[in-house]
Amino acid sequence: MKNICGFADYFLICSGESGPQIKAIYDEIEVRLKKAGVRPIHTEGSIGSGWLLLDYGSLIVHIFSPKEREYYQLEKLWGEANMVIRIQ
């Protein structure tokens, strides 16, 4: 992202199949990074909206429901970025 975006070096884009799964992904990312001494600068969204965001400055984490991920299509919006890894 750093070559095409002025506010982050990396986007992590993932999906959860249900509200509890989205929350679990969010919690686990937050817990693990907190243990490493990294805290989010900002968080946004809600489980009910199907989208949660954790802003760590150089890393932005997007956690979507499948419906919201399809709607926002961030992979297409930021398609010029180099993909580091894709896990399905």
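Bear in mind that the values in this text are calculations on the coordinates, not laboratory data. Predicted, not measured: the structure shown is a model, and the values here were computed from it. For neighbour counting, all protein chains shown are included, and Cβ atoms are generated from backbone atoms with ideal geometry for every residue, glycine included.
Structure notes:
- Amide H to amide H distances under 5 Å link TRP78 with no residue, where only residues 5 or more positions off or on other chains count and H is placed in the peptide plane.
- Comparing LEU59, LEU77, LEU33 in a Gaussian network model of the chain, where Cα atoms under 10 Å apart are tied by springs, the biggest mean-square fluctuation is seen for LEU77.
- Projected over all directions and averaged, the alpha-carbon convex hull of the chain occupies 5.8 nm².
- Share antiparallel - DSSP beta bridges, the range 10-77, percent rounded to 5: 60 percent
- Other residues lying with their Cβ under 13 Å from the Cβ of LEU52 contribute a combined charge of -4, Lys and Arg counting +1, Asp and Glu -1.
- Loop-exposed trypsin sites (Lys or Arg not before Pro) per DSSP, neighbour cap 16 Cβ within 10 angstrom, longest uninterrupted part of the chain: 3-85
- Annotation for THR43 and ASP27: the two label points, set 7 Å from Cα along the Cα-Cβ direction, are 1.1 nm apart.
- Chymotrypsin sites (Phe, Trp or Tyr not before Pro) restricted to DSSP loop in the range 1-64 with at most 16 other C-beta within 10 Å: PHE7
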